[in-house]
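J.: My structure is below; once you've seen it, I'll send some questions.
The values are calculated or read from the model by the stated rules, or taken from the named source; none is laboratory data. What you see is a predicted model, and the numbers here were worked out from it, not measured in a lab. Here the Cβ positions follow ideal geometry from the backbone for every residue, glycine too, while neighbour counts run over all protein chains shown.
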Amino acid sequence: MNILIISGSFYPQNNPRSFRTTELAKELVRQGHQVIVYIPASNYDYTRFQRESRVEIRFVDINLENRFELKGNKLSLIFKRIANRFCYTFLAFPSIQYVWKLPKLLSKMRDFDLLISIAVPHPIHWGVTKSLKKNPQLTKTWIADCGDPFMLCQTDSFNYPFYFKAFEKSFCRRANYITIPVESGKTGYYPEFWDKIRVIPQGFDFANIKKVEKYMPNEVVTFAYAGAFIPGVRDPRPILEFLAELTIDFRFHIYTNQSRLLENHTNMLGKKLLIHHYIDRDELIFRLSSYDFVLNLENGTSVQIPSKLIDYALCDRPVLSLFSQHIDREKFIRFLNRDYSQQDIINNIEDYNIKNVAKKFLDLAI
């Protein structure tokens, strides 16, 4: 098959949509298909990646970073944050540029067997909708892949204005299929399109997974969280405040690019809390496999499930899953005392094998 993928994230970025796009593109080529991937313009040299993966990389002239760079004095930073939030929420800027840039890029392309557009950002889907209106011969099948909902999202701090509903419904009508990572996520989309929804979970190349050869309990109970935070939802601060009240000794490792959110809490825990920047996913799984357990912060909704749970399953350590706004203190203390009887079990791990995930996408094109 000739396959076209359009995404806002790709290797070497370290986020779920990047993993989704990169692993899928590489596996589709391994299975004998020709794959072109459009991603935002980048200074990264993809020469070696293209040679080794045989994935063809092309660029959309778009920068998805904040409109206003967060530099300057305190007052300036406040203004810029407000301006960025306004542009993002009310104008869908900068990602709205996909709506007029994709139709130009794709106007002369024809006869793809399968087109997969991967959100976030959702304006990628809007741009594909407009492209197909102008160029119906672009592809036989279009799959709009959604990691998170848009208009009916329950985890963002702000709701999108009503006028974006038309954009969302337009792409849902046009797409042949809408793919989401979990069955319960259907409620994040308008019921009139539920018949188009198919569940395809996040996929990973299991062949690259490395773990410690033999796990040994740490001298001091050691656990970790890795991933993004959502203030007021997937928020570590109530947990840090709870842990500061305890006399139990522990080491809590956090891997995040939002360390500023923790600035007022680091002194509370001293040597018990260790903050790390994001690291390569394969290295992260290896490190996690040496800890006593891993912490999952729930979203407080069944619509969106943290993709980090798959990494946790692959590291083969007990998973403590909590909603940070309503901490189950007794459960947490049991884990700190090495009682993992209430650990979360992630079943059917082979569902997340990229070979099986790629096949699910291909089956929709037949």
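J.: Mind checking whether some residue in the range 115-125 is out of contact with any helix residue (DSSP H, G or I) (no Cβ under 8 Å at 6 or more places or on another chain) and not assigned by TED's automatic domain parsing to the domain that holds Gly232?
T.: No, that holds for no residue.
J.: List every residue pair whose Cβ atoms sit under 8 Å apart, with the two residues 6 or more apart in sequence or on different chains, where the first one lies in the range 285-314 and is among the hydroxyl-bearing types (Ser, Thr, Tyr) and at pLDDT 80 or above and the second, anywhere, is surrounded by 19 or more Cβ atoms within 10 Å (Cβ to Cβ) and assigned to a loop (DSSP other than H, G, I, E, B).
T.: From the range 285-314, the pairs are Ser289/Arg317; Tyr291/Arg317.
J.: Filter the range 1-24 down to residues that are among the aliphatic types (A, V, I, L, M) and over 26 Å from Asn257 (Cα atoms) and give me whichever is modelled with the lowest pLDDT.
T.: This residue is Met1.
J.: Might you let me know whether the range 113-132 holds any residue that is part of a helix (DSSP H, G or I), touching a Pro at 6+ places or on another chain (Cβ under 8 Å), over 30 Å from Phe229 (Cβ atoms) and in contact (Cβ under 8 Å) with a residue 12 or more places away in the chain?
T.: Yes - at least one qualifying residue is present in the range 113-132.
J.: In addition: Residues being surrounded by 15 or more Cβ atoms within 10 Å (Cβ to Cβ) and free of Cβ contacts under 8 Å to residues at least 60 places away in the same chain: count how many of those fall in the range 170-185. Show your work before the answer.
T.: Taking the range 170-185 as the starting set, the residues that turn out to be surrounded by 15 or more Cβ atoms within 10 Å (Cβ to Cβ) are 170-172, 174-182, 185.
Filter once more, so that each one left must be free of Cβ contacts under 8 Å to residues at least 60 places away in the same chain: 170-172, 174-175, 178, 180.
Count: 7.
J.: Search the range 215-266 for residues being polar (S, T, N, Q) and in a helix (DSSP H, G or I), and hand back the single one that is nearest to the chain's Cα centre (by Cα).
T.: Going through the range 215-266, the residues polar (S, T, N, Q) turn out to be 218, 222, 247, 256-259, 264, 266.
Those left that are additionally in a helix (DSSP H, G or I): 259, 266.
Values: Ser259: 19, Thr266: 26 Å.
Among those that are polar (S, T, N, Q) and in a helix (DSSP H, G or I), it is Ser259.
J.: Just for the range 262-281: of the residues that are under 25 Å from Phe206 (Cβ atoms) and at pLDDT 85 or above, which one is surrounded by the fewest Cβ atoms within 10 Å (Cβ to Cβ)?
T.: Filtering first and then ranking leaves Asp280.
J.: Does Tyr189 meet the test of being of a type in the set (Ser, Thr, Tyr), in contact with a strand residue (DSSP E or B) (Cβ under 8 Å, 6 or more places away or on another chain) and buried (at least 16 other Cβ atoms within 10 Å of the Cβ)?
T.: Numbers: of a type in the set (Ser, Thr, Tyr): yes; in contact with a strand residue (DSSP E or B) (Cβ under 8 Å, 6 or more places away or on another chain): yes; buried (at least 16 other Cβ atoms within 10 Å of the Cβ): yes.
Answer is yes for this residue.
J.: Quick check: is even one residue across the range 97-107 outside any loop (DSSP other than H, G, I, E, B) and either outside the structural domain of Ala41 (by TED's automatic domain parsing) or within 21 Å of Gly188 (Cα to Cα) (or both)?
T.: The answer is no, given that none of the residues of the range 97-107 is outside any loop (DSSP other than H, G, I, E, B) and either outside the structural domain of Ala41 (by TED's automatic domain parsing) or within 21 Å of Gly188 (Cα to Cα) (or both).
J.: Which number in (1) in contact with a Lys or Arg (Cβ under 9 Å, 6 or more places away or on another chain); (2) at pLDDT below 95 marks the one condition that Ile254 misses?
T.: Condition (1) is where Ile254 drops out.
J.: In the range 84-96, which residue that is in contact (Cβ under 8 Å) with a residue 60 or more places away in the chain and not in a loop (DSSP other than H, G, I, E, B) is nearest to Ile6 (Cα to Cα)?
T.: Here the residue is Ser95.
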